[in-house]
Each structure stands twice: as structure tokens, then as C-alpha cells.
Ligand code: 5RP
């Protein structure tokens, strides 16, 4: 099976976690796009969604799914999103699609995080994928130096030769060379550095379940 087919498989499998009558939290990325396509078939069974990015909002609206502002609604039953890496404890790296801050906000508003991913995302230790960090632009250099002191190399993410600007008007640093043995402590530490908006380690908002697309079908991992 191709990676694209595995993404379709887990996107469809995630439908069984959508609670009829309840608003669903929706992530961002190519795997979530498969979920959004599948969600179209349930659009009459749910009031709508809370979205983690402008890109996902556009796709949801195009399918006739209402999008609520996070402030309009209370706790969500479930948040469905992809990951760049997931380890054996449900800790993740996210933000390859630059939507990490809103993703973490919607995840924090939800009782259960259901991660959908193909098996290439499964790792033993987080850090092979460069860790995305959303930063206030004026702090980018200072934060890069702090990562260098930890052995990481921070690169400003570009789009069309210019710094990428997130949905929140900020920049992204991609930090390679880290091996994150203690994701909870790492997330807590980096998140309190001046100028960090969000670090793309999802340890405090980890997955409760991962639907992993494999050559043998969808494996359900519970953490
Ligand atoms: C976006 C994300 C995505 O969930 C992550 O990058 C995985 O994306 P994809 O499903 O395209 O591999 O965190 O900010």
C-alpha cells in the first residue's frame, strides 16, 4: 500500500471516534485531509467542528460542515489529528504543517486525542523529525542560541524564499539534532522561554489512541 492509501485508511477509520450530536476537533495536514473528506458523510450527524487551521477550515466549509470558534463551545469529546512522529507512550512531534499552536489549543480543549498516522511516523525516541517551534519573530535568534546550547540546530522555516508566517502571524523554527528522552520535561522547559509561542512537542497533550496505518491494516494503539 502507498503512504497515501495508508493515510486514506486511517482517515476513514477515525470516523468511528466521532460522537454523533457532538462537535469534533479537527487537526491539520495531509492525513487529516483524508479524515475531513470522510467526515463529509457524517455532516448531518454532527453540529460541526472546531478547526486547528485556516486550511482545515476551508476544507470543512467546502463540505458543508459548520466551523465553530473555539471560544463558542465547551469541552470537545474528541480531537483528531496527524503527527510527524509518535512514540510508544503517545508523545508526539507536530507542526510540520505549521499549525501546532492552534492544534495544541484544540487538543487541550478535548477529552481524547486520536492520532491518525501511517507507520513511518512511529519512532522509539522523538527527534529524528526536526522539532517545529512557533516563535515571536524578534526572539528567533535568542531562541536559536538556546537550542544550540542543548545540541540542536534551529533553522527558520521559509516559504517562497521568505520566512513562513503562521495563521497567528508568527514564525517557525525547525530544530534538528535533538533526542527527546523526556518529552514532558522538554515541553515544559521550552514553553517557558521568552518568545516561544508553542513548542511542537505534544506530551502534555499526548495521544490517547493512535490509529496507525500499516501494510497489515489499521492498528489501534492505546496509551
Ligand atoms: C500540522 C501537523 C500535522 O499533523 C503533521 O505535520 C502531520 O502531517 P501529515 O498528515 O501531512 O503527515 O502537525 O501542523
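Derivation of every value follows stated rules applied to the coordinates shown; laboratory data play no part. Keep in mind that what you see is a predicted model, and the values were worked out from it rather than measured. Here the Cβ is made from the backbone with ideal geometry for all residues, glycine too, and neighbour counts use every protein chain on show.
Summed over qualifying helices (DSSP H, 4 residues or more, each -39500 (n - 2.57)) and divided by its residue number, the chain shows a 222 nm mean residue ellipticity of -7500 deg cm²/dmol. Note that segment 17-82 carries a Kirkwood radius of 11.5 Å, evaluated over its alpha carbons pair by pair. Over the chain, the hull volume per residue, using the convex hull of the C-alpha atoms, is 120 Å³. Averaging Cα coordinates gives a centre for segment 1-27 and one for segment 56-128; these two points are 11 Å apart. A Förster radius of 30 Å, combined with the Cβ-Cβ distance separating residue 167 from residue 1, puts the computed FRET efficiency at roughly 0.40. Kirkwood hydrodynamic radius of segment 1-54, from the reciprocal of the average inverse Cα-Cα distance over all distinct pairs: 11.4 Å.
Applying D = kT/(6 pi eta Rh) to segment 106-161, where Rh is the Kirkwood radius over alpha-carbon pairs, T corresponds to 10 °C and eta to 1.306 mPa s, the Stokes-Einstein value obtained is 110 µm²/s. Only beta bridges with both residues in segment 78-182 are counted; by DSSP, about 75 percent of them are antiparallel.
The three principal axes of the C-alpha atoms in segment 131-199 carry coordinate ranges of 34, 20, 18 Å, sorted with the longest axis first. The Stokes-Einstein estimate for segment 95-223, based on a Kirkwood radius over Cα pairs and taken at 20 °C with 1.002 mPa s viscosity, is a diffusion coefficient of 138 µm²/s.
Dividing the mean sequence gap of close Cα pairs (under 8 Å, 6+ apart) by how many residues segment 1-112 holds gives a relative contact order of 29 percent. Highest GNM mean-square fluctuation among 102, 16, 157, for the chain modelled with Cα contacts below 10 Å: 16.
Relative contact order for segment 51-112: 41 percent, from Cα pairs under 8 Å spaced at least 6 residues apart, divided by residue count. Over segment 160-212, the reciprocal of the mean inverse Cα-Cα separation, the Kirkwood hydrodynamic radius, stands at 13.2 Å. Bridge orientation summary for the chain: considering DSSP beta bridges with both residues in this region, about 60 percent are antiparallel. Contact order, relative form, for the chain: 23 percent (alpha carbon pairs under 8 Å, 6 or more residues apart, mean separation divided by residue count).
The label-point distance for residue 62 and residue 153, in a model that sets each label 7 Å from Cα toward Cβ, rounds to 3.7 nm.
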